[in-house]
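Step one of this worksheet: look at the structure below.
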Amino acid sequence: MRKIFSYIFLLLLISFSAGAASLPVIPYPAQVEEKAGVYDASRGYDILVSDSTFVQDAVYLCGRFRELGLTSRVIVGADREAPVVIRRNNKITDKEGYTLDISRKSISIEAAEAAGVFYAAQTLLQLLENCAELPCVDITDAPRYAWRGYMRDDARHFTGVESVKQLIDLMARYKLNRFHWHLTDAQGWRVEIKKYPLLTEIGAIGSHSDPDAPRAYYTQDDIREIVDYAARRHVMIIPEIDMPGHAAAANRAYPEFNGGGEGIFPDFTFNPGKEGTYGYLSDILAEVAGLFPGPYMHIGGDEVAYGINAWKTDPDVLALMEREGFTDVRQCERYFMNRMIAQVASLGKTLIGWDELIDLDVDPTTNIMWWRHDKPQYLTRSLDAGYTTVMCPRKPLYFDFVQHDSHTVGRIWDGFCPLDSVYAFPDPLFASLGVTPEQQSHISGMQANAWSELLHTPERVDFMTWPRLCALAESAWTLPGNKNFADFEKRLDYSYDLFDRLGIYYFDHRSPSRVSEPAGPVIKKKTRESETNYRD
Ligand code: ACM
């Protein structure tokens, strides 16, 4: 008898815990109170909005309702009526936080700022898409981290306007809010700069797999269109113009600013010894700053050490060293970075750079991206120095690493980056390093980086991104106590349905052989000889 009771108890427990987290939403909200009943769809989906700052998001929601085949219109005014009501609630302290209360007769959204309204809409839309009937539920939600990002590398292989927009749409669905755009590197320069047209006339030719690939880049009009598209979805774009390394494409266009270097690519660096380099790069940054209204400017700073040997014999660098009394070329790197940091500050932007900048004791307002997973001390040094820090360690957050042990195209480094490791991040790392709450207070968030040497087709980009980006979205938004991988896997079924509807070529982790791994690029014989090395 006791056995039967324990069995029934176990069944109840299993069904309760399955029910407790069964709302089909990614990322999972902070507080969910399920109520009896469903929304009476005959009430319709007209939206009442009284606060002018929320009208744009109400119009977005209305458009998405209509895409789902629902009749909807936006009513602006204070003393009117509609079943869906959007209101300001200044007691909600997180600017991305919201409440969503669905009852039988009405749907109420409250937030202090427009981003909160947008995220309430995303939760509501996922419930509408994924449930046969809209369940009555009371949700109070806010993100764990303010920085929830994804980096696309358009320099190695170019994707284009429509692909970027589709990515931004999907990011927004999963409440990701930072699109880090790696626009320049050795293989290609992808942003039009009016003052230096050769950057795209010459520098935009080629890709990682084919140095003679036709020119491909974003015009300034393309960028403005994408920035506007992203802003309407509460996605901020952070442009990266990498320097002083990873500069070979620019150096093909304007060899007068070449600092040489044979590390990863020939002509890897800009020349820190030439005064003209500073004017040239400052002009470029000024144009880029004008295109991207967000507060951040990323100027790379990674892997300079690979190209720095060339500086030891460069007459202009030697003259700089003599003038400044430097004894080591590393001091030229610091000198270069500090001048560019001042330039970024003069443009009114906050600088972001890779974790190598920590060694240069850069200004404390700099934001650091910690990427070298094998150097965890750079995370703790960054936090101890008080730098606002974004976590994107190669493991588990580089999406050019393979995600399953049956896969062969992609990077591996003492293992790879499977879905469950992305999902678990960052708490196992915090535990193993003993990262204290005070240190954690300097972390703004996390992002995945999809370097594209081996992501040369839409299929490979999608396959390496999804479903891992869903896991990242939940890690970055959902409080650790609400995370549950088994439950996440169940909710992922709805994302797979969505990807099927959208024609996204995702990796199906439920059945790894169902969707085959797309082949890697065939690297064409290099016309620029030694460009065969692979980025670190
Ligand atoms: C990097 O992966 N070089 C930041």
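Please treat every number below as a calculation from the coordinates, not as lab data. What you are looking at is a predicted structure, and each value in this text was computed from that prediction instead of being measured. Heads up, the Cβs are rebuilt from the backbone with ideal geometry, glycines too, and the neighbour counts pull from every protein chain shown.
The alpha-carbon atoms of the range 296-340 define a convex hull whose volume equals 70 cubic angstrom per residue.
I want the local charge near Tyr296. Using Cβ-Cβ distances under 12 Å, sum +1 for each Lys or Arg and -1 for each Asp or Glu among the other residues. Provide the component values of the computation, followed by the final result.
Working: positive: Arg178, Lys349; negative: Glu240.
With Lys, Arg at +1 and Asp, Glu at -1, the neighbours total +1.
Convex hull of alpha carbon positions in the range 280-392: directionally averaged projected area 7.8 nm².
All Cα-Cα separations within the chain were binned at 10 Å from zero, giving a P(r) of 4, 17, 27, 25, 16, 8, 3, 1, 0, 0, each value a whole percent of the pairs.
How large is the convex hull of the C-alpha atoms of the range 62-125 per residue, in Å³? Intermediate results must be reported in sequence, preceding the final value.
Numbers: hull volume 5.9 nm³, N = 64.
Dividing the Cα hull volume of the range 62-125 by its residue count gives 92 Å³.
Rg and Dmax over the alpha-carbon atoms of the range 139-247 stand at 15.1, 53 Å. In sequence order, the range 114-122 has phi-based couplings of 4, 4, x, 4, 4, 6, 4, 4, 4 Hz under the Karplus curve 6.51 cos²θ - 1.76 cosθ + 1.60, θ = phi - 60°, and Gly or Pro positions carry x. Between amide H atoms placed 1.01 Å from N, distances below 5 Å from His180 occur with Tyr150, Met151, Arg152, Ile238, all of them 5 or more places distant or on a separate chain.
FRET efficiency for the pair Thr380 and Arg73, taken as 1/(1 + (r/R0)^6) with r the Cβ-Cβ distance and R0 = 35 Å, rounds to 0.05.
With a sphere of radius 12 Å drawn around the Cβ of Ala146, what net charge do the other residues whose Cβ falls strictly inside it have (Lys, Arg +1; Asp, Glu -1)?
+3
When both the range 30-47 and the range 446-497 are represented by their alpha-carbon centers, they are found 28 Å apart.
For the chain, what is the relative contact order in percent, using Cα pairs closer than 8 Å and at least 6 residues apart in sequence? Could the numbers behind the result be given before it?
Details: 1058 pairs, mean separation 73.5, N = 536.
Relative contact order, the chain: 14 percent.
Hull volume per residue, based on the alpha-carbon atoms of the range 245-324 and their convex hull, is 101 Å³.
Working value for the range 333-387: equivalent-ellipsoid semi-axes of 20, 11, 9 Å, each the square root of 5 times a Cα gyration tensor eigenvalue, largest first.
Count neighbours as other Cβ atoms within 10 Å of each site's Cβ, and list the trypsin sites (Lys or Arg not before Pro) in the range 188-253 that are DSSP loop with at most 16 such neighbours.
Values: sites: Arg190, Lys194, Lys195, Arg215, Arg224, Arg232, Arg233, Arg252; in loops: Arg190, Lys194, Lys195, Arg215, Arg232, Arg233.
Loop-located and lightly packed - Lys194, Lys195, Arg215, Arg232.
If both residues of a DSSP beta bridge must be in the chain, then about 30% of such bridges are antiparallel.
If you average over every viewing direction, what projected area does the convex hull of the Cα atoms of the range 410-493 give, in nm²?
Numbers: hull surface 27.1 nm².
Average of the hull's projected areas for the range 410-493 equals 6.8 nm².
With respect to the chain, whose longest principal axis is taken over its alpha-carbon atoms, helix 315-324 is tilted by about 80°. Label-to-label distance, Glu33 versus Asp138, with points set 7 angstrom from Cα along the beta-carbon direction: 0.2 nm.
For the range 245-286 and the range 62-116, what is the centre-to-centre distance using only Cα atoms, to the nearest Å? Here the answer is 50 Å between Cα centres.
Highest mean first, the peptides 313-326, 340-353 sorted by other C-beta atoms within 10 Å per residue fall in the order 340-353, 313-326. For the range 513-518, putting each phi into the Karplus relation 6.51 cos²θ - 1.76 cosθ + 1.60 with θ = phi - 60° gives couplings of 8, 5, 10, 6, 5, x Hz, in residue order, rounded to whole numbers and with x for Gly and Pro.
In this structure the amide hydrogen of Val191, modeled in the peptide plane, comes within under 5 Å of the amide hydrogens of Tyr218, none closer than 5 places in sequence on its chain. Just to confirm the number: angle between the C-alpha axis of helix 485-502 and the first principal axis of the chain, 0 to 90 degrees, nearest 10? Helix 485-502 sits at roughly 80 degrees to that axis.
In the neighborhood of Asp359, defined by Cβ-to-Cβ distances under 11 Å, what is the net charge if each Lys or Arg adds +1 and each Asp or Glu adds -1?
On the way: positive: Arg330, Arg334, Lys375, Arg381; negative: Glu333, Asp355, Glu356, Asp361.
Around Asp359, the surrounding residues sum to 0.
Could you work out the relative contact order of the range 332-474, using alpha carbon pairs under 8 angstrom and six or more residues apart, expressed as a whole percent? Please list the in-between numbers first.
Working: 191 pairs, mean separation 29.4, N = 143.
Taking the mean separation of contacting Cα pairs over the length of the range 332-474, I get 21 percent.
Treat the count of other C-beta atoms within 10 Å as a stand-in for reagent exposure and order Cys131, Cys332 from fewest to most.
Details: Cys131 16, Cys332 26.
Ordered by Cβ neighbours within 10 Å, fewest first: Cys131, Cys332.
At a Cα cut-off below 16 Å, give the aspartates and glutamates reachable from Lys195, other chains included and same-chain residues fewer than 8 away excluded. Cα-Cα hits under 16 Å: Asp221, Glu256, Asp283, Glu287.
Mean separation of Cα pairs under 8 Å and 6+ residues apart, divided by the residue count of the range 29-115: what relative contact order is that in percent? Don't skip to the end; give the middle numbers.
Working: 155 pairs, mean separation 27.9, N = 87.
Relative contact order, the range 29-115: 32 percent.
Computed across the range 379-449, the Kirkwood radius stands at 13.0 Å (inverse of mean 1/r, all Cα pairs). In summary, the lysines within cross-link reach of Lys395, defined as a Cα separation below 26 angstrom excluding same-chain residues under 8 places away, comprise Lys175, Lys375, Lys483, Lys490.
Projecting label points 7 angstrom from Cα along Cα→Cβ for Asp316 and Arg510 puts them 5.8 nm apart. One equal scatterer on each Cα of the range 67-176, no solvent, Debye formula: the resulting log10 I(q)/I(0) at q = 0.15 Å⁻¹ is -0.77. Among Arg173, Arg178, a tally of other beta-carbon atoms within 10 Å of each Cβ gives an order, fewest to most, of Arg173, Arg178. For Lys194, a cut-off of 29 angstrom between C-alpha atoms picks up these lysines, skipping any fewer than 8 places away in its own chain: Lys165, Lys274, Lys349. Among beta bridges identified by DSSP and lying wholly in the range 252-382, the antiparallel ones come to about 25 percent. For the range 91-105, the Karplus equation 6.51 cos²θ - 1.76 cosθ + 1.60, evaluated at θ = phi - 60°, returns couplings of 7, 7, 7, 7, 6, 9, x, 7, 10, 9, 10, 9, 10, 4, 10 Hz by residue, with Gly and Pro reported as x.
Here Arg330 and Gln166 are evaluated by their C-beta separation; at R0 = 35 Å the FRET efficiency comes out at 0.25.
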